[in-house]
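Undergrad: Take this structure, written in structure tokens, and hold onto it; I'll ask about it next.
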Amino acid sequence: ELLTTQHDTLSDEERAQFKDIINQNSDQLLKHINDVLDLSRIESGKIEMELAMCNVTKLCNTVLESVKVTCRKPINFVFNCDIDNVSFMTDEVRLRQVLINLLTNSVKFSEKGTISINLIIDAKVNIAKFSVTDQGCGIKKENADKVFERFVKLNQFKQGTGLGLQICRQIIERLGGKIWLDANYTEGARFNFIHPTDLKSRK
């Protein structure tokens, strides 16, 4: 409305700022709709995990880079893994969705510092251990389980539907893993999840 009714009085800088706000809110609205639809499809069993061999090292670096590009805060993004090239069977689209949800949450609740993805492979039990760590405001221990419930928002002033972590839990459990908040980490928030590395394709 401002763009149309006050077009002649707006400076180029103001016009660009308004367009940026419109784009951000349009993207956020689309994400809200997709989250609701996604959770509904997952819970109704209409989404099957499409398993295929995935270069997880490359995936983690790509996801970090994509979040870094859109971040406007003085935050460093780091990927840590002792193995140069990690690959295993997973649903790449869904694993990417989980990582992006966790990373964007970290960005949302951090103003500076470092956000990292850490990956450890435990070959003895065929498990990949992921953690997404930030140096933001953190989450109280008593809310460690509550954050995974649907429509739960601990900060009502932050954008979001409160569905992102519930979707993460649904996906990880469908992949045979588990996700939880590390309640002992006190310098921000750290979400851990495990993923089997010995999944077999149904094809």
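The values are calculated or read from the model by the stated rules, or taken from the named source; none is laboratory data. Predicted model, so just to flag it, every value in this text is computed and none were measured. Glycine gets a Cβ as well: all are built from the backbone with ideal geometry, and neighbour counts include every protein chain shown.
Undergrad: Please go through segment 78-102 and pick out each residue that is free of Cβ contacts under 8 Å to residues at least 60 places away in the same chain and buried (at least 20 other Cβ atoms within 10 Å of the Cβ).
TA: Across segment 78-102, the qualifying residue is only Leu99.
Undergrad: Shifting gears a bit: Tell me, yes or no, whether segment 124-133 has at least one residue that is without any contact (Cβ under 8 Å) to a residue 40 or more places away in the chain, out of contact with any Phe, Trp or Tyr (no Cβ under 7 Å at 6 or more places or on another chain) and closer than 22 Å to Thr186 by Cα.
TA: no
Undergrad: Could you please find all residues in segment 52-74 being more than 16 Å from the chain's Cα centre (by Cα) and buried (at least 18 other Cβ atoms within 10 Å of the Cβ)?
TA: Across segment 52-74, the qualifying residue is only Cys54.
Undergrad: Is there a residue in segment 103-118 that is crowded, with 16+ Cβ neighbours inside 10 Å, hydrophobic (A, V, I, L, M, F, W, C) and part of a helix (DSSP H, G or I)?
TA: Yes, that holds for at least one residue.
Undergrad: Would you be able to say whether some residue in segment 101-119 is more than 22 Å from Ile171 (Cβ to Cβ), among the β-branched types (Val, Ile, Thr) and at pLDDT 95 or above?
TA: Within segment 101-119, one or more residues are more than 22 Å from Ile171 (Cβ to Cβ), among the β-branched types (Val, Ile, Thr) and at pLDDT 95 or above.
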